[in-house]
Amino acid sequence: MFKVNDNYLKLPGSYLFSTIGRKVREYKAANPEKEVISLGIGDVTQPLAPAIIEALHGAVDEMADAATFKGYAPDLGYEFLRNAIAKNDYADRGCEIAADEIFVSDGAKCDSGNIQEIFSIENKIAVCDPVYPVYVDTNAMAGRTGTYHTATGMWSDVIYMPCTAENHFTPELPKETPDIIYLCFPNNPTGATITKDQLQVWVDYANKVGAVIIYDAAYEAYISEENVPHSIYECVGARTCAIELKSFSKNAGFTGTRLGYTVVPKDLKSGDVMLHSLWARRHGTKYNGAPYIIQKAGEAVYSEAGKEQLKAQVGYYMNNAKTIKEGLQSMGYTVSGGVNAPYIWLKTPEKMTSWEFFDLLLEKANVVGTPGSGFGPSGEGYFRLTAFGTYENTVAALERIRNL
Ligand code: MLT
């Protein structure tokens, strides 16, 4: 008789955003007359920028002609895209990352879940608490996290680094030494970020203890303040301790078209083994590349027109962030985030739990957000709203919250 991977059976409930989706579907089915506004999952609402659409059309036409048709993409991504990434996201920022250290993929969610495969099951992970659930869930599926305690909402073999109001939602170095450290800045869900000096402390620490940092920079385009690093490779020594994950979803609206990349520097080694070789082996074996037309669209993100248009798009969402933040503050809520990130992190009123507030907002204001406790125990009593809605819906949602 076959056996299942019983690590899956240890996972509590379903994936956070699936649970929310189900609750919202049930509410809508029972209340078809209600117009529900979603500021829950970080999904974009603005159309792809004209430069990207033009590139997509051009690439589709190429696929219609035998002379320019493309089949399988190169394992690690087309060179035109990897070169554009290496120049714009790294060289122009003074970071030393070569095009062949960049692995193009269909998004940072998959990469952030898959990257753990190249590490031994013996490794101990450290995560921020609250945290994007994919990091922990995928390590749990692999059997790296021990047992789950329902009462505490914690896994026995995970090092949690609480991010609370007291530490301005930035983690402190863990007391127990981890092997793999997941960091995400600007942060999902809290919207907090750290300075370059603070990130340098993590890089130095990782190099000292022999840990690897998996740095999720999916929200980098939303940084508005000086001295906030756009890439971990701005820090000295990051090439020997850090993998970076990037997404085209949030900076360029590719949530539906899917594109991302992972950087694994060749200097990052365990003994003599380059993690680059392992990730290349995995990529080549399990993945056939993001579609040509999507990679051409990705290239357009770095064109002059693309850059201009996307700056405006990010500005649109950040205006929503400001509107939400200031609106909630004027109602007396305690709010953070929303300055370098498209997420606003608020304290639930009257000591409500995160899920109680979720239900209240859904039922009384018909607004969907994300309960903080879904991201980890330290998220309890908090709630996340996203700035990725339309401006009109953002304003309408705030009005409804005001009238609660
Ligand atoms: C979120 O809402 O946290 C994100 O949209 C999830 C993701 O990017 O996968």
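The values are calculated or read from the model by the stated rules, or taken from the named source; none is laboratory data. Quick caveat, the model's predicted, so the values are computed rather than measured. Quick reminder, even Gly has a Cβ in these numbers, built from the backbone with ideal geometry, and neighbours come from all protein chains shown.
Is it the case that segment 74-91 has a residue that's within 17 Å of A290 (Cα to Cα) and assigned to a strand (DSSP E or B)? Outline the logic, then answer.
Residues of segment 74-91 that are within 17 Å of A290 (Cα to Cα), as a first pass: 74-85.
Applying the additional criterion that residues be assigned to a strand (DSSP E or B) yields none.
No.
Every residue, every condition in (1) touching a residue at least 40 places away in the same chain (Cβ under 8 Å); (2) out of contact with any Pro (no Cβ under 8 Å at 6 or more places or on another chain), yes or no:
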| site | (1), (2) |
| --- | --- |
| K364 | yes, yes |
| G369 | yes, yes |
| F375 | yes, no |
| G379 | yes, no |
| F383 | no, no |
| F388 | yes, no |
| Y391 | yes, yes |
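So how many residues does segment 242-267 have that are basic (K, R) and more than 26 Å from H57 (Cα to Cα)?
Final tally of qualifying residues: 1.
Taking the stated definitions as given, is R400 modelled with pLDDT of 95 or more, basic (K, R) and in a helix (DSSP H, G or I)? Quick ask: steps written out before the conclusion?
On the way: modelled with pLDDT of 95 or more: yes; basic (K, R): yes; in a helix (DSSP H, G or I): yes.
Criteria met by R400.
Does N114 satisfy the criteria of being of a type outside the set (A, V, I, L, M, F, W, C) and more than 16 Å from the ligand (Cβ to nearest atom)?
Considered against the rule, which asks whether it is of a type outside the set (A, V, I, L, M, F, W, C) and more than 16 Å from the ligand (Cβ to nearest atom), N114 comes out as no.
Output the residues belonging to segment 2-17 that are surrounded by fewer than 11 Cβ atoms within 10 Å (Cβ to Cβ) and modelled with pLDDT under 95.
G13
Of the residues in segment 346-360, how many are within 16 Å of the ligand (Cβ to nearest atom) and either in contact with a helix residue (DSSP H, G or I) (Cβ under 7 Å, 6 or more places away or on another chain) or in a loop (DSSP other than H, G, I, E, B) (or both)?
2
Looking at (1) part of a loop (DSSP other than H, G, I, E, B); (2) touching a Lys or Arg at 6+ places or on another chain (Cβ under 8 Å), find the lone condition where N288 falls short.
Status for N288: all satisfied but (2).
Across segment 305-323, which residue is surrounded by the fewest Cβ atoms within 10 Å (Cβ to Cβ) among those that are closer than 16 Å to I85 by Cβ and of a type outside the set (A, V, I, L, M, F, W, C)?
Filtering segment 305-323 for residues closer than 16 Å to I85 by Cβ gives 306-307, 310.
If we keep only those that are of a type outside the set (A, V, I, L, M, F, W, C) as well, we get 306-307.
On the way: G306: 22, K307: 15.
For segment 305-323, the residue satisfying everything is K307.
Looking at segment 243-301 only, could you name the residues that are in contact with a Phe, Trp or Tyr (Cβ under 6 Å, 6 or more places away or on another chain) and at pLDDT below 95?
If the condition is that a residue be in contact with a Phe, Trp or Tyr (Cβ under 6 Å, 6 or more places away or on another chain) and at pLDDT below 95, then H283, N288 are the ones that fit.
Please name all residue pairs, on different chains or six or more residues apart, with Cβ atoms under 9 Å, provided the first residue is in segment 120-146 and is within 24 Å of S18 (Cα to Cα) and the second residue is of a type in the set (D, E) and buried (at least 23 other Cβ atoms within 10 Å of the Cβ).
Y132/D216; Y135/D216
With crowded, with 20+ Cβ neighbours inside 10 Å, within 16 Å of the ligand (Cβ to nearest atom) and either touching a residue at least 60 places away in the same chain (Cβ under 8 Å) or within 17 Å of the chain's Cα centre (by Cα) (or both) as the only criterion, which of Y222, Y233 stands out? Before the answer, list the steps.
Working: Y233 fails: within 16 Å of the ligand (Cβ to nearest atom).
None of the others qualify; the one that does is Y222.
Which one is farthest from the ligand (Cβ to nearest atom), of the residues in segment 28-73 that are in a loop (DSSP other than H, G, I, E, B), of a type in the set (V, I, T) and touching a residue at least 60 places away in the same chain (Cβ under 8 Å)?
It comes out as V36.
Has segment 91-110 got any residue that is on the phi < 0 side of the Ramachandran plot, within 16 Å of the ligand (Cβ to nearest atom) and among the β-branched types (V, I, T)?
Within segment 91-110, not a single residue is on the phi < 0 side of the Ramachandran plot, within 16 Å of the ligand (Cβ to nearest atom) and among the β-branched types (V, I, T).
Checking G256 against (1) within 16 Å of the ligand (Cβ to nearest atom); (2) surrounded by 23 or more Cβ atoms within 10 Å (Cβ to Cβ); (3) among the small types (G, A, S), which test does it fail?
G256 satisfies every listed condition except (2).
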